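Heads up, the thing below is written out as structure tokens.
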Amino acid sequence: MKTMDLQELEKRFQEKIDKEIKIEPNDWMPDEYRKTLIRQISQHAHSEIVGMLPEGNWITRAPNLRRKAVLLAKVQDEAGHGLYLYSSVETLGADREATIDDLHSGKAKYSSIFNYPAVTWADIGTIGWLVDGAAIMNQVALCRCSYGPYARGMVKICKEESFHQRQGFESLVTLCNGTPTQKAMAQDAMNRFWWPALMMFGPSDDESPNSAQSMKWKIKRFSNDELRQSFVDATVPQAEILGLTIPDPNLKWNEETGHYDFSPINWDEFWQVVNGNGPCNKERIEARTKAKEEGMWVREAAMAYAEKRALKKTA
Amino acid sequence: MKNEALYNYVLRLGDDSLILGQRLGEWCGHGPILEEDIAMTNISLDLIGQAMSLLNYAGEIDGQGKDHDALAFLRFENEYRNAILLEQPNGDFAHTMMRQFLFDAFRKPLYEKLLDSSDQQIAAIAEKSLKETRYHLKHTSEWIIRLGDGTDESHQRAQKALDLLWRYTDELFFETEEDLALVAEGIVPAMKVIKAEWSKTVTAVLAEATLNIPTNNWQFEGGRRGVHSEHLGYLLADLQYMQRAYPNMKW
């Protein structure tokens, strides 16, 4: 293809984006756009799947049958989100199994929040409230993403995530209105999850190299720092309703900006966890790798049986 | 208690659902395929739902104000009445599917007959649960056939699971003198009817799966009388952890 042609294609592509016309799987798109989406959507899919582990950890110990059923349903939703997202990745020509192998080899990332352990029952409510709450901030914006399949998948995912967020909050309301032991359990979970939840929005804008191009392509609509600020602004009043203290002595309403001020994030911790040194990185990847390896014979059996059936039909 | 026989019967049904639902939940996040992870969690969810209805009803019959949570979480090990089959550890995927299949093949005809129970509450629970159980049986039958007639490895694993679990199947058809009175009243079906249906399903599916029913038919029992395997204690330690560690709190 001539250089001029490529420039023309890129120009038309950007015009479509500027006019808010969705890009569909068979449309022409720049290689970098495709690569960026494959990376982002598969990371998102991996986050859903790895995210099943800390919560799954509490299914057998949920405190009553209703909470057990709700948690089962929630984790099942996450698995379903993983499925849609892997399907979206496939519309871009990537192979689901290959992207999963990248997760297991450490080449592909997933949301760092899931590298923190869920050690008490209050963590389950807190994950629903803060982690799903932070995810929604990101995902609502993604419903308007320029890539059609991702944007449409996100609409359904957002509905379920917002339900999870409310379930998490409701679970914490019960704890915070319960005994002092329960309230303390909720506060302890808040103390451990607050900062990792703020880290979910990624590096600050001046440290986020891919952001400008993603904004231009309308894969991203808001910067990391903007989304983080919206999350803090939305969450502080909810913490007040619960009567929980946010573990930040500098958290304060700023009349001038109309936003809450908060302390700087511990970026050393953020990068250490991203790079594999969080409390559970090793366990999470081991669990997923083990599931894949131990499931190999099951997948082989299903394939072998399907082949036998096909042969019988033609015979 | 108004009707101790009915209480015991419903408790057995509820405990079967509860204990198997608890076991299946352990697979969450660790399934061999994402689709199957979802399927197992889904069956677990159905079973926990059934356990809630059944244990609530058992509590009602008992008449001492116990709800499903009081019964699910606050009994001692020897007060659980589930069949030993259902507390067996998950093992590999073939083991889990075989356990589930042997149970579903029992539960489906049982719920079908319970639809006609003269006890309206039981009939209503059976109606809702039957829809779910039909899917479960279809799903597990397909997997047993796929695994049995798949690769050499999957065949061996499925056969090993069948050899290990077969000895627990007879207990599913446990029936007391008091149960026979319920049968006479048209509240529950006779177990021999259910066993005949079960045998038909199991024989047909295992034959298609090219799996052999063990020749040694020595059977274990005890769960229905509260005498369990060593596995139940650990399962209950997880299940009851929160209620035992933090008693008398609302969650």
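Throughout, read-outs are computed from the coordinates displayed, never taken from laboratory work. A quick note: this is a predicted structure, and the numbers were derived from the prediction, not measured. Neighbour counts are summed over all protein chains in view; Cβ atoms, including those assigned to glycine, are modelled from backbone coordinates with ideal geometry.
Note that region B:2-245 shows a convex hull volume over its alpha carbon atoms of 116 Å³ per residue. A simple count of charges around A:Asn177, restricted to other residues whose Cβ falls under 9 Å of its Cβ and scoring Lys, Arg +1 and Asp, Glu -1, yields +2. The mean of 1/r over all pairs of different alpha-carbon atoms in region B:138-213, once inverted, gives a Kirkwood hydrodynamic radius of 14.0 Å. Dimensions of chain A along the principal axes, based on C-alpha atoms and rounded to the nearest Å, stand at 68, 56, 33, largest first. Calculated FRET efficiency, B:Glu185 to A:Thr174, Cβ-Cβ distance, R0 = 41 Å: about 0.45 to the nearest 0.05.
3J(HN,Hα) couplings calculated from phi for region B:242-251 with the Karplus curve 6.51 cos²θ - 1.76 cosθ + 1.60 (θ = phi - 60°) are, in sequence order, 5, 5, 7, 6, 10, x, 6, 10, 9, 10 Hz; Gly and Pro show x.
Under 5 Å between amide hydrogens, built in the peptide plane, is the criterion, and for B:Val188 it picks out B:Val183 among residues at least 5 positions away or on other chains.
In a reduced charge model with +1 at each Lys and Arg Cβ and -1 at each Asp and Glu Cβ, region A:211-296 shows a dipole moment near 620 debye about its Cα centre.
Label separation (A:Asp248 vs A:Glu20): 3.1 nm, computed from points 7 Å beyond Cα along the C-beta direction. Applying the Karplus relation 6.51 cos²θ - 1.76 cosθ + 1.60 with θ = phi - 60° to region A:301-313 yields 3J(HN,Hα) values of 5, 4, 5, 4, 5, 4, 5, 4, 4, 4, 5, 4, 5 Hz, where x marks Gly and Pro. With a cut-off of 18 Å, note down the residues of region A:63-98 whose backbone N falls inside the zone around a label point 7 Å from the Cα of B:Ile33 toward its beta carbon. Residues A:79-88, A:90, A:95-98 qualify, since their backbone N sits under 18 Å from the label point. What aspartates and glutamates could a cross-link reach from B:Lys128, if we take a straight Cα to Cα line under 12 Å and drop same-chain neighbours fewer than 8 places away? B:Lys128 reaches B:Asp46, B:Glu112. Residue by residue along A:286-297, Cβ atoms of other protein chains within 10 Å of the local Cβ number 4 on average. Extending 7 Å from the Cα toward the beta-carbon at both A:Lys156 and B:Tyr135 defines two label points whose distance is 1.5 nm.
Between the beta carbons of A:Asp261 and A:Cys143, assuming R0 = 41 Å, the FRET efficiency works out to 0.90 to the nearest 0.05. Note on the protein assembly as shown: dipole from Cβ charges, positive end direction compared against A:Tyr33, A:Thr179, B:Pro32; the farthest Cα belongs to A:Tyr33. Which entries in the list A:Lys22/A:Lys216; A:Lys74/B:Lys66; A:Lys308/B:Lys160; A:Lys109/A:Lys292 go over 20 Å, if you measure between the two C-alpha atoms of each? Result: A:Lys74/B:Lys66; A:Lys308/B:Lys160 exceed 20 Å.
Taking amide H as placed 1.01 Å from N in the peptide plane, A:His259 has its amide H under 5 Å from the amide H of A:Asn254, each at least 5 places away in sequence or on another chain. Per residue of peptide B:44-51, the mean number of Cβ atoms on other chains within 10 Å of the residue Cβ is 4. Which of A:Phe193, A:Ala310, A:Thr257 sits closest to the plus end of the dipole of chain A, meaning its Cα is farthest towards the positive end, when Lys and Arg get +1 and Asp and Glu get -1 on the C-beta? So the residue we want is A:Ala310.
Work out the mean other chain Cβ neighbour count within 10 Å for the residues of A:43-56 and drop it here as an integer.
2
A Gaussian network model of chain B, with springs between Cα atoms under 10 Å, assigns the largest mean-square fluctuation among B:Pro32, B:Pro109, B:Pro89 to B:Pro32.
Fraction of C-alpha pairs exceeding 15 angstrom in region A:49-97: 51 percent, rounded to a whole number. Positive end of the dipole of chain A (Cβ unit charges, origin at the Cα centre): among A:Thr60, A:Ala151, A:Leu130, the Cα lying farthest that way belongs to A:Thr60.
Annotation: region A:23-104 has a Kirkwood hydrodynamic radius of 14.0 angstrom, from the mean reciprocal C-alpha pair distance.
In sequence order, region B:135-142 has phi-based couplings of 5, 4, 5, 4, 4, 6, 4, 4 Hz under the Karplus curve 6.51 cos²θ - 1.76 cosθ + 1.60, θ = phi - 60°, and Gly or Pro positions carry x. Between rounded, prolate and oblate, where does region A:1-153 land on the alpha carbon gyration tensor, with a ≥ b ≥ c its root eigenvalues, rounded for a/c under 1.5, else prolate if a/b exceeds b/c? Note, shape of region A:1-153 comes out prolate.
Could you pull out which residues in region B:19-39 have an amide N less than 14 Å from a spot 7 Å beyond the Cα of A:Ser87, following the Cα-Cβ vector? Answer for this model: B:35. Working ranking of peptides A:81-90, B:218-227, B:18-27, B:55-64 by packing, defined as the average number of other Cβ atoms within 10 Å per residue, highest first, is B:18-27, A:81-90, B:55-64, B:218-227. Each 20 Å bin from zero up to the one holding the largest Cα-Cα distance in the protein assembly as shown carries the following percent of pairs: 19, 46, 28, 6, 0. About its Cα centre, the dipole of region B:2-245 is roughly 180 debye, where the only charges are +1 on Lys and Arg Cβ and -1 on Asp and Glu Cβ. What you get for region A:159-315, charging only the Cβ of Lys and Arg (+1) and of Asp and Glu (-1), is a dipole of about 1380 debye around the Cα centre.
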